[in-house]
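First the structure, in the form of structure tokens, and then the observations on it.
Read the figures in this text as sums done on the coordinates, not as results from a lab. Model, not experiment: these values are computed from the prediction. Neighbour counts run over all protein chains shown; Cβ positions are idealised from the backbone, glycine included.
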Amino acid sequence: MNNLNYQEKIPNNVNLSDDLSLQRALEHWQPKFQNWWDSMGPDGFQNSDVYLRTATSVDSEGWASYGKVKMPDYRWGIFLAEKSSEKKIGFGDFKDKPVWKQVPGDFRSILRRLIVTQGDTEPASVEQQRMLGKTCPSLYDLRNLFQVNVEEGRHLWAMVYLLHAYFGRDGREEAEGLLERHSGDIDNPRILQTFNEPINDWVSFIMFTYFTDRDGKFQLKSLAESSFDPLARTCQFMLTEEAHHMQVGETSITRMIDKTLQIMKNNNSDSESQIRSAGAIDLITIQKYINFWFSSSLDLFGSEISTNAATAFANGLKGRPNESQYNDNIELDTFFLMETYENNKMVDKEVSTRNAMNEITRRAYIKDCEIGLKRWNRMIKRSGFDIFLKLPSPRFKRNIGMWSEMYFDTEGNIISKEKYENNKFSWIPSQSDKDFIMSLMVQVTEPGKTASWISSPSRGINNLDINYEYVNIK
Ligand SMILES: [Fe+2]
Ligand SMILES: [Fe+2]
């Protein structure tokens, strides 16, 4: 079970060869995926040898092997965490009943929607990031980008497998749709707005991997609780890969801030123009990118009060991350205190816990985001500067949920639309900030060398030297 079968056309640990019609259906989808990768995946570099890891088992210990691979030859496959025979439903109205091996008829369309929405984000991010190779700050970073990209491709496979295996013809059609929508496409965009935002520069990429891949972690954790066992096991294994994406985000932001602080220390000044003229990024601009990507990622959790979320919880389709840590996994007549806006003022209001599931998960996410901020603020303090980076108020710049109709500053104070418009570029990147960031985006491909705006990594991949040629560009 643990060892993944790489002998077959589609690597898997689900005994695909026992189900010929499913195998055929997926083999029919496979060339379409390859075409999508060729046309919408990383632009260029398809002949380059990239030092990538590939899953070899679904155990948390030693699950990956490393080696140079051309990306189109990456062995994308279908890997689910191990089955446990006695598994019981952990929450909602069916708590303690055995988990489902098949999709219950009543929940078919809502489960399909959950899987399609998750699946849509995976290729979307590859599309968003497709031009970044041309401005990589180092070969090490280039390799990390491609590692994230191939794994998002595998996450697409994971969702497509579920659609094909459990949702019949509808599922097959949805699987086609996942390759037909494209990030930012005016006629046929990706489902969620964050996945239509352009990622033209590496600062956006590293913010995306810190904030948006972390949303992915929380969504996957919620789905890993699902009563539909194949979905739960799929998401459990995806989380192992997701951890690396967030690590790319956290270490890259750390390296970017480290570079900024070196310049600030040398100059004994936090002057924006001095930092910028040394080819680094001032903390105010970094704060603006944090504000943008954090607030955009918060929208991905959905409305604060949501009957859909309540239904998904009640039916055991989507739980809270780490559901077993909650004392009450049914939450039938319980309430959650939430800030709302009524009669022109903020009021604390008791909301049914089931209706508040999106907000509960969002708050857990915010706490997780804080960890990096604390670390970066410690670095700034150690460098002798009295400056703090912080997460903006969760009400700031929201497009979904109860705050989306109003305007707030980053502290969460209500302001007029006019005031918001007049001040927004002190909170989120302006065109001139973006132009400056783009001016720093130069491709560095000499092994061991790194662009001006980010420090070199402190260590290499898989114990290799940082000077190792992680990508042989061809
Ligand atoms: Fe993913
Ligand atoms: Fe990811």
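What nm value, rounded to one decimal, do you get for the distance between residue 350 and residue 418 when each label is placed 7 Å out toward the C-beta?
Spacing of the two 7 Å Cα→Cβ label points: 4.2 nm.
Please label the shape of the chain as rounded, prolate or oblate, based on the square roots a ≥ b ≥ c of the eigenvalues of the alpha-carbon gyration tensor (a/c under 1.5 means rounded; beyond that, a/b larger than b/c means prolate, else oblate).
Oblate is the answer for the chain, as a/c is 1.5 or above yet b/c matches or exceeds a/b.
Place a point 7 Å from the Cα of residue 375 along the Cα-to-Cβ direction; which residues of the stretch 108-148 have their backbone N under 18 Å from it?
141, 144-145, 148
Tell me, what HN-Hα J-couplings in whole Hz come from the Karplus equation 6.51 cos²θ - 1.76 cosθ + 1.60 at θ = phi - 60° for each residue of the stretch 326-340, using x for Gly and Pro?
8, 5, 10, 9, 10, 6, 6, 10, 9, 10, 10, 7, 9, 6, 9
What is the Cα centroid distance between the stretch 266-292 and the stretch 184-238, reported in whole angstrom?
29 Å
How large is the Kirkwood hydrodynamic radius of the stretch 360-474, counting all unique pairs of alpha carbons, in Å?
With all distinct Cα pairs of the stretch 360-474 included, I get 18.2 Å.
Got a sec to turn the phi values of the stretch 77-84 into Karplus ³J(HN,Hα) couplings, 6.51 cos²θ - 1.76 cosθ + 1.60 with θ = phi - 60°, whole Hz, x for Gly and Pro?
x, 10, 10, 10, 4, 5, 7, 10
Among 63, 157, what is the fewest-to-most ranking by other Cβ atoms within 10 Å?
With the sparsest Cβ surroundings first, the list reads 63, 157.
Over 24 Å between Cα atoms, which of 449/474; 68/434; 345/397; 259/419; 134/474 qualify?
68/434; 259/419
At 0.36 nm per residue, and after removing the present C-alpha to C-alpha distance, how many nm does the segment from residue 32 to residue 19 gain when stretched out fully?
This chain segment gains 2.6 nm when fully extended.
At 0.36 nm per residue, and after removing the present C-alpha to C-alpha distance, how many nm does the segment from residue 363 to residue 458 gain when stretched out fully?
31.0 nm
Using θ = phi - 60° and the Karplus form 6.51 cos²θ - 1.76 cosθ + 1.60, what ³J(HN,Hα) does each residue of the stretch 162-171 get, whole Hz, x for Gly and Pro?
Running phi through 6.51 cos²θ - 1.76 cosθ + 1.60 with θ = phi - 60° gives 4, 4, 5, 6, 10, 10, x, 4, 4, x Hz.
Straight-line reach from residue 83: which lysines have a Cα under 24 Å away, not including same-chain ones fewer than 8 places off?
Partners found: 9, 95, 97, 101, 217, 221, 318.
Taking the Cβ of residue 182 as the centre, find all other residues whose Cβ is under 12 Å away and add up their charges (Lys, Arg: +1; Asp, Glu: -1).
-2
Taking the Cα atoms of the stretch 232-385, what is the range of coordinates along each of the three principal axes, in descending order and whole Å?
Ordered largest first, the stretch 232-385 gives principal extents of 59, 46, 23 Å.
Cβ neighbours within 10 Å, averaged per peptide: list 244-256, 269-281 in order, most packed at the top.
Put in order of decreasing packing, that is 244-256, 269-281.
Residues with amide H under 5 Å of residue 49's amide H, sequence separation 5 or more or different chain, H placed in the peptide plane at 1.01 Å from N; which?
Here 472, 474 satisfy the definition.
Quickly rank 445-451, 45-51, 161-167, 384-390 as a protection proxy: mean count of other C-beta atoms within 10 Å, highest first.
161-167, 45-51, 445-451, 384-390
Arranged from highest to lowest average of other beta-carbon atoms within 10 Å per residue, in what order do the peptides 192-200, 221-229 appear?
Descending packing order for the listed peptides: 221-229, 192-200.
If you average the C-alpha positions of the stretch 349-380 and of the stretch 34-86 separately, how far apart do those two centres end up, in angstrom?
31 Å
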